[in-house]
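Quick note: the coordinates plus some simple rules give every number you see, no bench work behind them. Just so it is clear, the model here is predicted, and its values are computed rather than measured. Cβ coordinates were reconstructed from backbone atoms using ideal geometry, including for glycine residues, and neighbour counts include every protein chain displayed.
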Amino acid sequence: MLTLYGNAFSPFSRKVQMVLDYKGLDHEMIDGLARTNRERLAAVNKRLEVPVLDHDGVIVVNSADIVAYLERVFPERPIYPRDDETWVKARAWERCADSVIDPIVVDISYWHWAIRPDRMPEGLLHAARTDLATIYAALDQELEGREWVCGELSIADIALFPHLSGTRLLQVPFDPSRHPNLHAWYKRCREEKIFADDLRRTKAYLAHPDAMDGEREKIFWRGDRIEWLLARGYHEWFVNEIEEGRVLWPKLAIPASTAA
Ligand SMILES: N[C@@H](CCC(=O)N[C@@H](CS)C(=O)NCC(=O)O)C(=O)O
């Protein structure tokens, strides 16, 4: 039995759910970020982060580890390229999606869904546009003459898609005239069932009156998202957030069954 503690708004959960779909693996989905499920999530991940996979009692946290686990246990329909060099490239794009694109997109998203007392700090949107333009250009080049980022559909496409699907709404879109290959790739993704199903789930979640039932006044901050903010000069804003009590810190999560 496979149970995914996820959330339809979390790009990392969406990645894992798309891999489960791609591999045709039946699973139960629990919204780990819903207030009513906090204790259930804490029991499988003290960090209180989604996604978490429970496979017959084997608990796997962190999206890249979950995908690697699924690939190992369910090798049919591989999602990582077989060729070594292409495998390295796919992992690099997955890591870029998880640790470079996610922080930029998520850091500017707070003024769209969180309950904020302020407006977005001056220059933050511009910094996001500048950094994303570099990434869009690199991706556009990577996709020259290719349908998928690594040739065949792979984890690279699945990891990138959830982050890129929100960029228009956040006013940091890629541009069909400057990034024609990226634009064609995004259109191609939307025509594939696993990506179309992902968008449908996220839209249905956001349209539901109980959506975003989780914490919306305090922001859960972690490494990469803080790094991008500080690197772009927003340390004073961040310190003020801490002082005003609007920061939630992840709890210590140690991989030992005896850890308290
Ligand atoms: N490195 C983790 C990151 C997961 C992550 O950032 N999860 C966020 C949602 S996108 C989360 O659970 N945050 C807790 C919260 O918002 O309360 C992974 O790849 O799974």
When only C-alpha pairs under 8 Å and at least 6 residues apart count, what is the relative contact order of the range 2-73, in percent? 35
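If I stretch the segment between residue 222 and residue 109 completely, what's the gain in nm (0.36 nm per residue apart, minus their alpha carbon distance), one decimal?
Values: separation 113, 0.36 × 113 = 40.68 nm, distance 1.51 nm.
So the extension gain works out to 39.2 nm.
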Give the cross-link partners of residue 23 among the lysines, using a straight C-alpha distance below 18 Å as the criterion and excluding same-chain residues fewer than 8 apart. 15, 193
Quick note on 99, 154, 165, 177, ordering by fewest other C-beta atoms within 10 Å, gives 177, 99, 165, 154
Mean residue ellipticity at 222 nm from the helices of the chain, using -39,500 (n - 2.57) per DSSP H segment of n ≥ 4 over the full residue count, to the nearest 500 deg cm²/dmol? -15500 deg cm²/dmol
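Dipole of the chain, Cα-centred, from +1 at each Lys and Arg C-beta and -1 at each Asp and Glu C-beta, to the nearest 20 debye?
Details: 34 positive and 42 negative charges, 76 e Å.
Dipole about the Cα centre, nearest 20: 360 debye.
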Set 89/187; 89/203; 187/218, cut-off 29 Å on Cα-Cα distance; pairs above it are 89/203; 187/218
Take the alpha carbon gyration tensor of the range 2-73, find the square roots of its eigenvalues, order them as a ≥ b ≥ c, and report rounded if a/c is under 1.5; if not, report prolate when a/b exceeds b/c, else oblate. prolate
Relative to the present Cα-Cα distance, how much length would full extension add between residue 43 and residue 253 at 0.36 nm per residue of separation? 74.5 nm
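Which shape class applies to the range 1-158: rounded if a/c is under 1.5, otherwise prolate when a/b exceeds b/c and oblate if not, where a ≥ b ≥ c are the square roots of the Cα gyration tensor eigenvalues?
Cα axes put the range 1-158 in the oblate bin.
Hey, with R₀ at 45 Å, roughly what FRET efficiency would residue 243 and residue 56 work out to, going by the Cβ-Cβ distance, to 0.05? Please report the intermediate quantities before stating the final value.
Numbers: r = 45 Å, r/R0 = 1.00.
My answer for the efficiency is 0.50.
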Multiplying the sequence separation of residue 200 and residue 184 by 0.36 nm and subtracting their Cα-Cα distance, what value in nm do you get? 3.8 nm
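Assign one of three labels to the range 120-196, namely rounded, prolate or oblate, based on the Cα gyration tensor with a ≥ b ≥ c the square roots of its eigenvalues; rounded applies when a/c is under 1.5, prolate when it is not and a/b is larger than b/c, and oblate otherwise.
Numbers: a/c = 2.22, a/b = 1.65, b/c = 1.34.
Note, shape of the range 120-196 comes out prolate.
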